[in-house]
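Here is the structure we will look at.
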Amino acid sequence: MPFLIFLFLSLIITIFFIVRNLIQKKYTVFVLQNSIYLKKLQEINCKYKFFSHIDFNQSHTYDNENFYCDITCLDYLIYQLQFISTKVIDQINKEKQNNRLYTEYQKEVVALEVGKFLIDIGKLKYDKLVATEKRLINQTIFAKPHTNFYIAVTLFCSQINGRIYAKKNEIYYADDILALIKRLRNRNGTFYNDRAIWDSICRVERGKVSNKMRFSIYQRDGYRCRKCGVSGRHAQLEVDHIIPIAKGGKSTYNNLQTLCHKCNVEKGDNLY
Ligand SMILES: [Zn+2]
């Protein structure tokens, strides 16, 4: 007997939902066919096209705590802007255009009126029609596009096994980024006229020699000074930039060599 009651109740509930869905569908169809707001909104939507967002966020993990402490998020951004500034400027302009267009779009949309229909609503309930219309408007109206360009820079510090134990993060907005790009473009061949910009770039370039890279340079050079040949067992070995960073050298395998501390000090900023 309880089973029959259960079955009966289930049937009632099912019928209730079916009827409710049919009524809702009737309202949805009416609104889609007759809402003046929705028709005008679709026309307005056709006129606008917004640029999509491109993520320029930067992150890097240092396995050397000295470099991690020495290099700021701003240094890292400046370094990366050397390679991405053209694309960044393009995206900043697109998001400025988004901002302008979206303001115009909002002005047009605000002028529209809810609850006006092309034909008489007959026996349908006005409140329910308006609620349905609002739901459909929310589905049709364009979401706010990206208008406030930014780049988030995150630097991590990890142990040599990759476990991260420290992190720092900064966000930079369009005006600051454009000012940095302007300073970066003030250059003479491969060198930057702005001292602070040049210092940032050198710090990040130096930081590119990770501990992992350092050990593979030692290994490649047989754990010996490439100048005097002393072994790592008898002297402190260091990784040296053959063309110094201050003279435009990069932290690449071909530009790195193992030197003992003594030879490294003697070499200074000379090239050999
Ligand atoms: Zn040496």
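The values are calculated or read from the model by the stated rules, or taken from the named source; none is laboratory data. Since this is a predicted model, take the numbers as computed values, not measurements. Positions of Cβ are backbone-derived with ideal geometry, glycine not excepted, and every protein chain shown enters the neighbour counts. Accessible surface is based on the protein model in full, side chains and every heavy atom, while ligands, DNA and RNA are left aside. Shrake-Rupley method; radii C 1.70, N 1.55, O 1.52, S 1.80 Å.
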- Message: Condition (residue is over 24 Å from the mean Cα position of the chain (by Cα), open to solvent by 30 Å² or more (accessible area, probe 1.4 Å), small (G, A, S) and farther than 28 Å from K49 by Cα) applied to the stretch 177-195: is it met by at least one residue?
- Response: yes
- Note on the structure: Selection over the stretch 192-209 where residues are under 22 Å from H60 (Cα atoms) and either among the charged types (D, E, K, R) or within 12 Å of the ligand (Cβ to nearest atom) (or both) yields a count of 5
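Taking the stretch 31-55 as the search range and keeping residues that are touching a Pro at 6+ places or on another chain (Cβ under 8 Å) and under 19 Å from Q106 (Cα atoms), which one is surrounded by the most Cβ atoms within 10 Å (Cβ to Cβ)? Even if it seems obvious, please write down each step before you answer.
Here is the first cut: in the stretch 31-55, the ones touching a Pro at 6+ places or on another chain (Cβ under 8 Å) are 50-53.
From what is left, the residues that are under 19 Å from Q106 (Cα atoms) are 50-52.
Numbers: F50: 19, F51: 17, S52: 9.
Filtering first and then ranking leaves F50.
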- Query: Identify, please: which residue in the stretch 227-266 is assigned to a loop (DSSP other than H, G, I, E, B) and more than 15 Å from the ligand (Cβ to nearest atom) and is, among those, most open to solvent (accessible area, probe 1.4 Å)?
  - Reply: K250
- Query: Can you name the condition, by its number, that R224 falls short on among (1) at pLDDT 95 or above; (2) away from the ligand (no atom under 16 Å from the Cβ); (3) over 26 Å from I151 (Cβ atoms); (4) in contact with a strand residue (DSSP E or B) (Cβ under 7 Å, 6 or more places away or on another chain)?
  - Reply: (2)
- Task: Enumerate the pairs (first residue in the stretch 219-232 and without any contact (Cβ under 8 Å) to a residue 12 or more places away in the chain; second residue anywhere and open to solvent by 40 Å² or more (accessible area, probe 1.4 Å) and more than 8 Å from the ligand (Cβ to nearest atom)) with beta-carbon separation below 7 Å, excluding pairs fewer than 6 apart on the same chain, so at least 6 apart or on different chains.
- Result: S231/Y223; S231/R224
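Considering the stretch 56-87 alone, what residues qualify as being within 16 Å of F149 (Cα to Cα) and either modelled with pLDDT under 95 or aromatic (F, W, Y) (or both)?
Taking the stretch 56-87 first, the residues within 16 Å of F149 (Cα to Cα) are 56-58, 77, 81, 84-87.
Matches in the stretch 56-87: F56 only.
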- Please work out if K212 is open to solvent by 70 Å² or more (accessible area, probe 1.4 Å), out of contact with any Pro (no Cβ under 8 Å at 6 or more places or on another chain), away from the ligand (no atom under 15 Å from the Cβ) and part of a loop (DSSP other than H, G, I, E, B). no
- Residue count for the stretch 134-161, restricted to those that are under 23 Å from the mean Cα position of the chain (by Cα) and assigned to a loop (DSSP other than H, G, I, E, B): 8
- Item | Any chance V109 is more than 35 Å from the chain's Cα centre (by Cα) and at pLDDT 95 or above | no
- Item | Condition check for V204: in contact (Cβ under 8 Å) with a residue 60 or more places away in the chain, closer than 30 Å to S85 by Cβ, open to solvent by less than 40 Å² (accessible area, probe 1.4 Å) and in a helix (DSSP H, G or I) | yes
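Within the group E108, E113, which residue is part of a helix (DSSP H, G or I), acidic (D, E) and assigned by TED's automatic domain parsing to the domain that holds K39? Full working, then the answer.
Numbers: E113 fails: part of a helix (DSSP H, G or I).
From the options E108, E113, the qualifying one is E108.
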- Within the stretch 9-18, is even one residue surrounded by 10 or more Cβ atoms within 10 Å (Cβ to Cβ) and not in a helix (DSSP H, G or I)? no
